[in-house]
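Each value in this text was obtained by applying a stated rule to the coordinates, not by laboratory testing. Nothing here was measured: the structure is a model prediction, and the numbers come from that model. Here Cβ is always computed from backbone atoms with ideal geometry, including for glycine, and neighbour counts include all displayed protein chains.
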There are 4 protein chains.
Amino acid sequence: MMQIGFVGLGKMGANMVRRLIERGGHEVVVWDRDPRAIAELARAGARGAESPEDLARTLAPPRVIWLMVPAGAPVDEALDALAGNTTRGDVFVDGGNSFYKDSMRRAGALAARGQHLLDAGTSGGVWGRELGYCLMIGGAPEAFAHARPVLETLAPPDGFAHVGASGAGHFCKMVHNGIEYGLMQAYAEGFALMEASPFEFDLAKVATLWNQGSVVRSWLLELAQRAFQDDPRLEKVAAWVDDTGEGRWTVQAAVEHAVPTPAIAAALFARFRSRQEQSFADRVLATLRKQFGGHATKPRA
Amino acid sequence: MMQIGFVGLGKMGANMVRRLIERGGHEVVVWDRDPRAIAELARAGARGAESPEDLARTLAPPRVIWLMVPAGAPVDEALDALAGNTTRGDVFVDGGNSFYKDSMRRAGALAARGQHLLDAGTSGGVWGRELGYCLMIGGAPEAFAHARPVLETLAPPDGFAHVGASGAGHFCKMVHNGIEYGLMQAYAEGFALMEASPFEFDLAKVATLWNQGSVVRSWLLELAQRAFQDDPRLEKVAAWVDDTGEGRWTVQAAVEHAVPTPAIAAALFARFRSRQEQSFADRVLATLRKQFGGHATKPRA
Amino acid sequence: MMQIGFVGLGKMGANMVRRLIERGGHEVVVWDRDPRAIAELARAGARGAESPEDLARTLAPPRVIWLMVPAGAPVDEALDALAGNTTRGDVFVDGGNSFYKDSMRRAGALAARGQHLLDAGTSGGVWGRELGYCLMIGGAPEAFAHARPVLETLAPPDGFAHVGASGAGHFCKMVHNGIEYGLMQAYAEGFALMEASPFEFDLAKVATLWNQGSVVRSWLLELAQRAFQDDPRLEKVAAWVDDTGEGRWTVQAAVEHAVPTPAIAAALFARFRSRQEQSFADRVLATLRKQFGGHATKPRA
Amino acid sequence: MMQIGFVGLGKMGANMVRRLIERGGHEVVVWDRDPRAIAELARAGARGAESPEDLARTLAPPRVIWLMVPAGAPVDEALDALAGNTTRGDVFVDGGNSFYKDSMRRAGALAARGQHLLDAGTSGGVWGRELGYCLMIGGAPEAFAHARPVLETLAPPDGFAHVGASGAGHFCKMVHNGIEYGLMQAYAEGFALMEASPFEFDLAKVATLWNQGSVVRSWLLELAQRAFQDDPRLEKVAAWVDDTGEGRWTVQAAVEHAVPTPAIAAALFARFRSRQEQSFADRVLATLRKQFGGHATKPRA
């Protein structure tokens, strides 16, 4: 049981706070830009702060303050807002999906003030509140040790680890998400091929079957099973797939380090393509075919 | 100047017959299922036949009969229709886009009758009538020698060659088309990236420029230049790209021979993707994201 | 408990026979070309046959005869060897990795004799003897019903299903393996990127961690965890990756059905590439670079 | 005829200086870190400077100074060395392969001093001295107008153009090189497939043939023709392919702008792969296969 500050009470953050309270009995001091998010967690047993400064002042040093805010500027803003009221030895944990080079930069800046940043790659999605969050932690070992009670509560058994120096946690999470893109793409291609075949497969049945002892069984396939059971031909959802920073960064890091990642890149490109209407590249192709072969093209509707 | 039979008077076939007459002064006996196609070429100086049998009887042995019909069953049907009235030593030329294994099979069957099949991969599209057709010929060298006057007329200077045994011509053309898919895809990706950039490029200007001394200059880029000059943002054409057998066969042959062809396969898959509406694979991805992350999806419109 | 014939006693087949005897108490009559394989299973409780004919005669009709022989000609040879001594209503099960179109052809030929073929895609590898084999069955429902006691013993709970008409089982297994290629490639790319990063990751630690609640947890990742624990830098194994028919057929079927499968194709091509020495394609690239840029190349050692 | 400064006398730079002198009769003042490079061009008619400062002082304002130095820090260093002795209205031309965002940054810094940067993507390789360099220019139109006489001499007819604001030239060249990667990869894959086929193709003959009227004819294919004529099986060169910044930046820009570039990425990854020994990713695959299937692996030699 320990005291912890928590900044950022979105869907993920709020779930994590609830888990900290319910499973660990921790004393959680929370703040968010949205007062309603604070009020809601106060009802769940958290202690609401009036401002980042108030949050910092409420905590006894050495503090552990978890940030669960969007990647990019919001992380810097949160750290800035807390800077004045925190002290040497305090530990910040960035549980969001920050770019690992940003985490390295921030850790360096905090270290100059005698403070720590743990970059905590967090996986588990909406299921994490119940099952626990898999936590990949980068940063100083002593900061990791200090935050351990919190990590133990948030993660499932053996579900957190110190994976390296500052940046390693978010790099690890970045690659985790890149792999996730590749895995999802492999399943998507396979199911699409079955759907296009003449066999009229019951895909919910196939997914369920594969989850029983086949080589491709996985948690993602359990989700696919559930999805096909709910909507056998996936008629409720549009073929529009968003992507987040980690997938892009994975490919860019692979290019930077000269590591071939064709399957992960294919997965990323499939998502880009899913969001295009009247793809320009495809229009180049159609136009060239028309030029050299007099091939039929479709006039633009 | 020689006598030649010509079966199949579609766009490509008719242009080739005209070139044979106009450029080579050959005597061309033509037949097609469509009597109007025959009549039209008769006006251009060809001699119309009333049937395949009539065509064969009209020609003096050893005959050269060029087939320009769709790949697959039509080639077998044409050969069957001509079988009874042709004799040992006759040479058939399949100038269409037949699968090379079919050409090997057919050459074997004809050889058993003392006849020859040249498989003539033909490139040049609608431009070939004026510029000549690049001809990649497989089959027996003596048959190639017999057909040489015709090949010389159809091709530009040095634009025909004997590339190997039966099947080699169509294999060579198949790979040619696979490469063509890859080249087109590379240009399409590059132009699409320029179009998506903040620089507001004039793509006709860029294509024109690149054709003057750059490493990527090519005939396809000249077509692209022409296309962008005609329709700077490619607004007249839909992002819908057909594919023909050769691209598919190239990838399948690559798989059969264990040769990695990632760029050509990417080009083929891009064409498949261009024709999908509400891609099933993308719906699998969108659904899985929703399952594990509660991520936003687009409801189907 | 039922009587069953079993032809093909390789590693997979022998394990399956043992499971049938030990878990199900079935009476298994076995045959293989290698008498030692028969003798070994006889010691485990199977009844050895002297020939395929003897095996067929030993079984009471309607027979169930499981074939676990290499894909291709061996399946046809086994069916031929058994044809004379089997009768109407008998059920053959092809548990190997046959091409689904072969299974459709064979089922048609057997149906003309009043016999059944179940095409049984079988997943589970060396772990199947203990954990059970995931079985994807195509063919006539009545044949499936007849073979059910055997399937129940071989599979884990809920680990077998009738997925469609003849061919559907092997198609389903083919796609399963294609997906498997894609999943493996995604993990391989991710671990390779981590290995190339400056963070000096302990990959066994990361794999272990990810198996606890992360989105990418799977059975394959459990194997990866085990592998990294055994050989942290994978120094015992060469970068040489075989492929089997299913991966190739998946890509070829995708091409046939115009379904984009870029990640699975990337996985297949990576395996092809892993087995090349002095790749010809790469030599083309190196040569072209030298031609146009005077770029440095490596002379061939 | 105009006066121009030239900094960077490597292979490309020296060839460009010679072309400026021989074709344009320009007065070229040259400097390089290597005095021998200066001396050699002095013999060819250039005027050698003793330092960047000397070079700047020698030129009459408004100056045109062409930089042909490696991308990255050398460009900044050259600009810094010239800053003190150049004046408002001077035009710097960066003809190297700089990253376009660097060019935008530099142009902004120079603009604050009343000076101009033209970013000049330069294509043509070692052939450029004879055939001219294709020049893609970004920057202020008035700077472009001032440098025009130089551009006219360096380029083939119509081989230079102003393609946009600062950065556009190097972006255009970056994409040009990305396309080049894709084109080369497509040819490499096609020739590799022909080489692996049973037809024993004469690839020099095929390349020569395709350059006569086929759809895939191009300058790169002319280089391939020359290469195969010189070394029919490409036995003199190793399968080791370098890459330069532009290919990587193209993929990273595509990821940044969410444009699918699967063929260009495949080309880049093929180059990465060509330089790996005992690929880690492939060892992951081999190890996993061994784990789940007991499949044969090759022990590390």
Inset, instruction - Starting at the first residue of the stretch C:88-102, write each ³J(HN,Hα) from the Karplus equation 6.51 cos²θ - 1.76 cosθ + 1.60 with θ = phi - 60°, in whole Hz, x for Gly and Pro. - result: 3, x, 5, 10, 9, 10, 9, x, x, 9, 6, 5, 4, 6, 5
Inset, instruction - Could you grab the relative contact order for the stretch A:3-166? Cα pairs under 8 Å, six or more apart, rounded to a whole percent. - result: 20 percent
Inset, instruction - At 7 Å along the Cα-to-beta-carbon direction for both D:Arg36 and B:Arg43, put a label point, then send me their distance in nm to one decimal. - result: 7.4 nm
Inset, instruction - Any chance you could list the semi-axes, whole Å, largest first, of the equivalent ellipsoid that the Cα gyration tensor gives for the stretch B:102-237, using √(5λ)? - result: 39, 15, 11
Legend entry - Distance from the stretch D:18-90 to the stretch A:125-191 (C-alpha centre basis), Å: 54 Å
Legend entry - Relative contact order [Cα under 8 Å, 6+ residues apart], chain B, whole percent: 12 percent
Legend entry - Residue among C:Leu110, C:Leu285, C:Leu203 with the largest mean-square fluctuation in a Gaussian network model of chain C, springs linking Cα atoms under 10 Å: C:Leu285
Inset, instruction - First measure r as the distance between the Cβ atoms of A:Asp230 and A:Ala81, then evaluate 1/(1 + (r/R0)^6) with R0 = 35 Å and state the FRET efficiency to the nearest 0.05. - result: 0.25
Inset, instruction - Considering only B:Asn97, B:Asn177, B:Asn85, give the residue with the highest GNM mean-square fluctuation for chain B, with springs between Cα atoms whenever their separation is below 10 Å. - result: B:Asn85
Inset, instruction - Would you kindly work out the equivalent ellipsoid of the stretch A:1-74 from its C-alpha gyration tensor and give its semi-axes, the square roots of five times the eigenvalues, largest first in whole Å? - result: 16, 15, 12
Inset, instruction - Could you tell me what percent of the DSSP beta bridges with both partners in chain C are antiparallel, to the nearest 5? - result: 20 percent
Inset, instruction - Determine, for C:Thr208, B:Thr86, B:Thr250, B:Thr244, the number of other Cβ atoms within 10 Å of each Cβ, and report the residues in order from fewest to most. - result: B:Thr244, C:Thr208, B:Thr86, B:Thr250
Inset, instruction - Pop a pseudo-label 7 angstrom from the Cα along the beta-carbon direction at both A:Met1 and C:Glu22 and give the gap in nm to one decimal. - result: 5.0 nm
Legend entry - Residue order, fewest to most beta carbons within 10 Å, for C:Arg217, C:Arg148, A:Arg283: C:Arg148, C:Arg217, A:Arg283
Legend entry - Contact order normalised by residue count of the stretch C:173-284, Cα under 8 Å, 6+ apart, percent: 34 percent
Legend entry - Placed amide H near D:Val237: partners under 5 Å, 5+ positions off or other chain: C:Arg300
Inset, instruction - Taking 7 Å along the Cα-to-C-beta vector as the label spot, tell me the C:Arg275-A:Asp54 distance in nanometres, rounded to one decimal. - result: 6.8 nm
Inset, instruction - Enter the mean projected area of the convex hull around the alpha-carbon atoms of chain C, in nm², rounded to one decimal. - result: 20.3 nm²
Inset, instruction - Give me the angle, in degrees from 0 to 90, between the Cα long axis of helix C:245-256 and the longest principal axis of the Cα atoms of chain C, rounded to the nearest 10. - result: 80 degrees
Legend entry - Among A:Thr122, A:Thr261, A:Thr153, residue whose mean-square fluctuation peaks in a GNM of chain A (springs only between Cα atoms under 10 Å): A:Thr261
Legend entry - Bins of 10 Å, starting at 0 and running to the largest distance - Cα pair percent for the protein assembly as shown: 2, 9, 15, 18, 19, 17, 11, 6, 3, 1, 0
Inset, instruction - Rounded to the nearest 10 degrees, what's the angle between the helix B:168-196 long axis and the longest principal axis of chain B, both from Cα atoms, 0 to 90? - result: 30 degrees
Legend entry - Cα gyration tensor of the stretch A:167-206 - equivalent ellipsoid semi-axes, whole Å, descending: 33, 8, 4
Legend entry - Helix B:219-230 vs. chain B, principal-axis angle (Cα, 0 to 90°, nearest 10): 60 degrees
Inset, instruction - Would you order A:Asp243, C:Asp94 from fewest to most other beta-carbon atoms within 10 Å of each residue's own beta-carbon? - result: A:Asp243, C:Asp94
Inset, instruction - Please label the shape of the stretch B:173-284 as rounded, prolate or oblate, based on the square roots a ≥ b ≥ c of the eigenvalues of the alpha-carbon gyration tensor (a/c under 1.5 means rounded; beyond that, a/b larger than b/c means prolate, else oblate). - result: oblate
Inset, instruction - Excluding residues on the same chain fewer than 8 positions from C:Lys298, give the lysines whose Cα lies under 29 Å from its Cα. - result: C:Lys236, C:Lys290, D:Lys11, D:Lys173, D:Lys205, D:Lys236, D:Lys298
Legend entry - Rg/Rg_ref, the stretch C:1-157, where Rg_ref = 2.2 N^0.38 Å and atoms are Cα: 0.92
